[in-house]
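Please read the structure below before turning to the comments.
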Amino acid sequence: MKIMLSAGEASGDVHGENIARAILSMAPETELIGFGGSRMEEAGVRLRQNFADYSVMGVWEVLLNIRRLFKLLNDLTEFMREEKPDMLVLIDYPDFNWRLAKKAKALGIPVFSYIPPSAWAWRKGRAKDCAKIADEFIAIFPHELPVYEAAGAKISFVGNPLVDAVRPEMPREKARRFFKMPADKTAILLLPGSRKQEIELLLPAMLSGAKKLLEDRPDTIFYLPVADTVSRERIEELIADAGVSVTLTEEKRYSLMAAADAAMATSGTVVMEAALLGLPCVVLYRLSPVSYAIGKLLVHVDNFSLPNILLNESFQRELLQDEVTPDNIAAELKKLYPGEAHRREVTAKLKSACQKLGAPGASGRVAERILNAAREFAAK
């Protein structure tokens, strides 16, 4: 059995790693190949290309890199032609992966979609288009199912893998000591994202917000866990320019998040990770002006951060585009300090949101579905 996985960003690499390990534990004879990152490679996936060389975000930025992305698409298509996998498994990264899915379908390769496009939020017609291509879907959030079911897709929700993955490596008090967080200090995390573009668009505002916060709360200390997909040197340069003290870390990220008191975070998976660790956030999102203008026309949602979406409530403050200012960041973070009533309300809601993610063991259940589907199609 040969299965090809395709993941084009850091969060997909984590999901791909978990799936790969689960597949190989259930069926060690399976050969895993594909497009992904270092975590998938370490888990036993033979990579044709590493996504770190191609990761971009935003409509405009994709257009600027369109030639390189089409070259990648052609290379992976040739790879499928050479390797003849029994199934292609798409892991998120929709704009690229669904082009690859069409190529796979043309080659007679069945397609399995894990984390399908967010058709519930925008371009609902995509669900019908995707249902014509993929043979089976698994979503990681329950609110994604109705639009795909209406399109006739075979789709299910078997839990969210973050429930298993997000575990602090040590108890909170031990982590506070490990990261040198004094008891009389409030520890705030800066979580600017895992892409270069997110760092450039959001970290300067976060640092300015941190500086503003110190004016009223000098008892505050700041930490920033550095993702392995971004340049530590660039982050250090931005911190030096801002003139604020921030401790950079590269290990025990979940323990750091569990030990901290609050965070300013780029919207994405990290906000859900923070929720699972009981860490309240001020959620930020900013795109280039062109990408934002296009997105505003296409996306119609009340909330953009996952905990808020899960409860369909705006209980955790979101700052979008021009709202991402030092004053707004500082003002919202002050409401999340220990002892504040708003903090208690937010942390209680975070627990309710996390209960929507299902039981532990999701990656194993996904791997089992993938193996069963691949065997079924191989037998035809």
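With only Lys, Arg, Asp and Glu charged, each at its Cβ (+1 for the first two, -1 for the last two), find how big the charge dipole of the chain is about the Cα centre; round to the nearest 20 debye.
Values: 50 positive and 50 negative charges, 139 e Å.
The dipole of the chain has a size of about 660 debye.
Counted by Cβ distance under 12 Å from residue 283, the other residues give a net charge of -1, where Lys and Arg count +1 and Asp and Glu count -1.
The label point for residue 52 and the one for residue 38, both projected 7 Å from the Cα toward the Cβ, are 0.4 nm apart.
Per residue and in Å³, how big is the convex hull formed by the alpha-carbon atoms of the stretch 172-357? Don't jump to the answer; show the numbers that get you there.
Numbers: hull volume 21.8 nm³, N = 186.
Normalising the Cα hull of the stretch 172-357 by residue number yields 117 Å³.
Relative to the compact-globule estimate of 2.2 N^0.38 Å, the Cα radius of gyration of the stretch 300-380 comes out at 1.67. The gain in end-to-end length when the residue 341 to residue 183 segment is fully stretched comes to 54.9 nm, 0.36 nm per residue minus the alpha carbon separation. With R₀ fixed at 51 Å, the C-beta to C-beta distance from residue 250 to residue 102 puts the FRET efficiency at about 0.85. If the chain linking residue 215 and residue 228 were pulled fully straight, counting 0.36 nm for each residue of separation and taking away their Cα-Cα distance, it would gain 1.5 nm. Count Lys and Arg as plus one, Asp and Glu as minus one, and take only other residues whose Cβ is under 13 Å from that of residue 111; the net charge is then +2.
Between residue 167 and residue 302, the simple spin-label model (points 7 angstrom out along Cα→Cβ) gives 3.6 nm.
Taking 7 Å steps out from each Cα toward its Cβ at residue 320 and residue 236 produces label points 3.8 nm apart.
Considering every Cα-Cα pair within the stretch 172-220, what fraction, in whole percent, is farther apart than 14 Å? That fraction is 61 percent.
Distance from the C-alpha centroid of the stretch 77-99 to that of the stretch 1-36: 12 Å, rounded to the whole angstrom.
Our compactness index for the stretch 132-215, the C-alpha radius of gyration over the empirical 2.2 N^0.38 Å, is 1.73. Once the chain from residue 196 to residue 132 is taken as fully extended at 0.36 nm per residue, the excess over their C-alpha distance is 19.6 nm.
Read-outs: derived from the displayed coordinates by stated rules, not from any lab. What you see is a predicted model, and the numbers here were worked out from it, not measured in a lab. When we count neighbours, we look across all protein chains shown, and the Cβ atoms used for this are built from the backbone with ideal geometry, even at glycine.
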